[in-house]
Structure formats: C-alpha cells, structure tokens
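What follows is a set of notes on a single structure, which appears directly below.
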Amino acid sequence: MKVVSILLLLVVGTAIPALSQGAQSYFNASAKHYVGDRLPDALRSVNEGLTKYPGDPKLKALAEKLNEKKKEENQKKQDQKNKEQQQKDQQKKEQEQKDQQQKEQQQKDQKDKEEQEKDKQSKEQKDKKESEKQEQKDQAEKQDKQKTSPQLSEKLQQMKISEEKAKMILEAMKNQEIQYLQQNKRKATKPKEKDKPDW
C-alpha cells in the first residue's frame, strides 16, 4: 500500500510540473502576442491553452484581461463609428439647411422680382391713365377755347387789342389785386379803448 502511494505521488508530482509548464507556454505565447499588439492571436492562444488546461488560474486571469481589452477596443471602434456617423449626419443637416436657405432666398428673389414687375406695370397704367386724363382735359379746354374764341377775338378786334396784349393786361390786373389784398392784411387795426364809446 505504501509503495502504491509513493508511486502515485511520483506520477502526480511529475505530471503537475509538466501540466504547469504546458499552461505557462500558452500563457507566454499569448502574452507575447498581446505585447506585439496582436490581440486576436493572443486570444486564440489563451483560449487554446484553456481548452487543454481549463483549471489554470493564470490563463483564466489572462483570458479575462484580454476579453476586457477586446471589449474596450470594440467599444472604441463603435464610438468612433458613432462619431463619424454623427459628423456625417451633422454635415447632411447643415447641407439641407443651406439648400433650404438657398431655396427660400431664390423664392424671395422671385417674389420681389414679380412685385417689382407688378409695381412697374401698375405705375405704367397709372401714368397712362393720368396722361389720358390730361389729354382729355387739354382737348376739352381746346374745345372751350374754340367755342369762345370767335366771340372773344371779335371783341378784341373791336377794341383793337391783340390776344397776347389782353392776356398781359389780365395778368397785370390779377397781380394788382393780389398786391392790394396783401397790403390790406398788413395794416394793423387799432385796438379799441375800453373807456371810450364805439362812436
């Protein structure tokens, strides 16, 4: 019985270092890949070691660390991807706003142009109506003049005065009348004395 126990201890004693040395080689290989910035290779190596030596604490700890590192890198990649997507979305939004502003400006310019054209046409129509009114007025005056002209020219011939001279006389009379009215306005009226009677 003692011999069997000793043999068993010898077999187990020699097997543990061999087992430990095999796990260590996977650990070393995995660590070497990790230091060389080859995370996928490091993970593959540590996972191979864990399939052969599932109870090794160093391999388990290294596997956890490598998986955390992989998660961090994946998160960084995802964050970078999200950031790039946000930038693209922002650029797209800004471009859409710019396009919208350009469209609104074009519509405003078109509206202003149409209003200017409308105002121009309206002014032209107004000027045309005023011109027609003035022509009608001039024509009416001309007709009135033609009606009164023969009688007036007969009287002026009897008085032996030309039409121009008659106009000058009328203008002079008009000016004298204006002058007379202005002089009367300038004369100051004396204020009434309170203690004296009106008469």
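All of the numbers you see were taken from the coordinates with simple rules; none came from a lab. Every value quoted in this text rests on a predicted model; they were computed, and no experiment measured them. Heads up, the Cβs are rebuilt from the backbone with ideal geometry, glycines too, and the neighbour counts pull from every protein chain shown.
Just a few scattered comments:
- Surrounding net charge for N82, when Lys and Arg each add one and Asp and Glu each subtract one, Cβ distance under 12 Å: +2
- D89 versus E104: modelled label distance in nm, points set 7 Å from Cα along the beta carbon direction: 2.3
- Net charge dipole size for region 15-95 [Lys, Arg +1 and Asp, Glu -1 on Cβ; Debye, nearest 20]: 140
- Taking a straight Cα-Cα cut-off under 24 Å and skipping sequence neighbours fewer than 8 places away in the same chain, the lysines within cross-link reach of K52 are K32, K60, K65, K69, K70.
- Residues L66, L43, L170 in ascending order of nearby Cβ atoms (within 10 Å, fewest first): L170, L43, L66.
- Which of D89, D56, D41 has the fewest Cβ neighbours within 10 Å, and the rest in rising order: D89, D41, D56
- Positive minus negative residues near K103 (Lys, Arg vs Asp, Glu; Cβ under 13 Å): -1
- In terms of surrounding Cβ atoms within a 10 Å radius of their Cβ, K160, K70 rank from fewest to most as K160, K70.
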